[in-house]
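Have a look at the structure below, then the notes.
The values are calculated or read from the model by the stated rules, or taken from the named source; none is laboratory data. Given the structure is predicted, the values throughout are model-derived calculations rather than measurements. Reconstructed Cβ throughout: ideal geometry from the backbone, glycine too, with neighbour counts over all protein chains shown. Side chains included, ligands, DNA and RNA excluded: accessible areas come from the protein's heavy atoms. Shrake-Rupley method; radii C 1.70, N 1.55, O 1.52, S 1.80 Å.
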Amino acid sequence: MGAEVEGVDLSRPMSDATFNDIRDALHRHHVIALRGQNLQPQAFLEFARRLGPPEPHVLDQYHHATHPDILVLSNVVRDGKPTGLADGGTYWHSDYSYLEIPARATLLYSIEVPKVGGDTLFADQEQAYEDLPDAMKKRIDGRVTLNVYGNRDDLDLKSRTCAPPPTQQQKDKRGAHLIRHPLVRRHPYSGRKALYSVSGTSFAIEGMPDDEGLALLRELAAHSTQPRYQYRMQYGVGDVVIWDNASVLHSATLTDPADPRTLFRITVKETQRPVG
Ligand code: SIN
């Protein structure tokens, strides 16, 4: 998992052949980085659109001022006002797994890199599934998880690793009902099986007592986020990272709030619901 793509300037027009190579690298390696780019928001968006339709984040107060499909992730506070979402996604999750049609890919473009830390962690959910004992595969294949926006393992609103809650109006716009997803899903392109959303938004397993389902999800998450399944993305200014939400979990890491970190994020959606 994890590869760097070299020799591509995302600010310039791109042939279908080059785009297809990038897309294939994403499907093969799950997480790819294109370092040292110099992108205007529009160019970033045009490239992202080739991967799928962008879906603006539910927390619309952090949308980019002129390009609302871009979410600003930042710990910088200017004139007493946050310039972006700070500490977003500091727990293992798959983007938009609380929506019926979740995220296909997420792209980050690094604007400001802190002196210390600020990495993003990824965990390979295909390999983690592959390595499970057959008895466990049999136990979980065909199971359905119930998902809702949030970090099921930290609901304390004062904690930095709690998901910042949407307002009632934002909830009404996006729907706040439980979303069913396969616990083991097939990749929409490769067909490979992966654990899906075993951490983050999944609160229960359909047809299992709540405590038993949650305990099983936590056991699977502990397995699938072990260091041996992880890749750590360390940013330089201008780096673009793209990940495949069907095959990885990811987690931001907490940084010193006084050490500026800013990234632009675009999330593009799948074209259909995940299948098991
Ligand atoms: C995210 O979960 O999209 C944020 C990742 C990061 O800030 O490193």
**Asked** Of all residues in the range 25-34, which are at negative phi and either open to solvent by 10 Å² or more (accessible area, probe 1.4 Å) or under 17 Å from the mean Cα position of the chain (by Cα) (or both)?
**Response** Ala25, Leu26, His27, Arg28, His29, Val31, Ile32, Ala33
**Prompt:** Do we have any residue at all in the range 16-24 that's open to solvent by 70 Å² or more (accessible area, probe 1.4 Å) and part of a loop (DSSP other than H, G, I, E, B)?
**Reply:** no
**Asked** Tally time: how many residues in the range 203-232 are within 16 Å of the ligand (Cβ to nearest atom) and in contact with a His (Cβ under 9 Å, 6 or more places away or on another chain)?
**Response** 1
**Fill in**
Within the range 71-113, restricting to residues that are of a type in the set (Asp, Glu) and over 24 Å from Ala222 (Cβ atoms), the one that is farthest from the ligand (Cβ to nearest atom) is Asp79
**Prompt:** Got a number for residues in the range 261-276 being touching a Pro at 6+ places or on another chain (Cβ under 6 Å), open to solvent by 30 Å² or more (accessible area, probe 1.4 Å) and not in a loop (DSSP other than H, G, I, E, B)?
**Reply:** 1
**Message:** Looking for something at pLDDT 95 or above, open to solvent by 10 Å² or more (accessible area, probe 1.4 Å) and among the hydroxyl-bearing types (Ser, Thr, Tyr) - is there at least one such residue anywhere in the range 202-217?
**Reply:** no
**Qualifying residue in the range 224-231 (condition: buried (at least 16 other Cβ atoms within 10 Å of the Cβ), more than 21 Å from Ala105 (Cα to Cα), over 18 Å from the mean Cα position of the chain (by Cα) and at pLDDT 95 or above)** = no
**Message:** Any residue in the range 234-260 that is open to solvent by 10 Å² or more (accessible area, probe 1.4 Å) and within 11 Å of the ligand (Cβ to nearest atom) sitting within a Cβ distance under 7 Å of a residue that is assigned to a loop (DSSP other than H, G, I, E, B) and of a type in the set (Lys, Arg)? List the pairs, counting only those 6 or more apart or interchain.
**Reply:** Leu254/Arg160; Thr255/Arg261
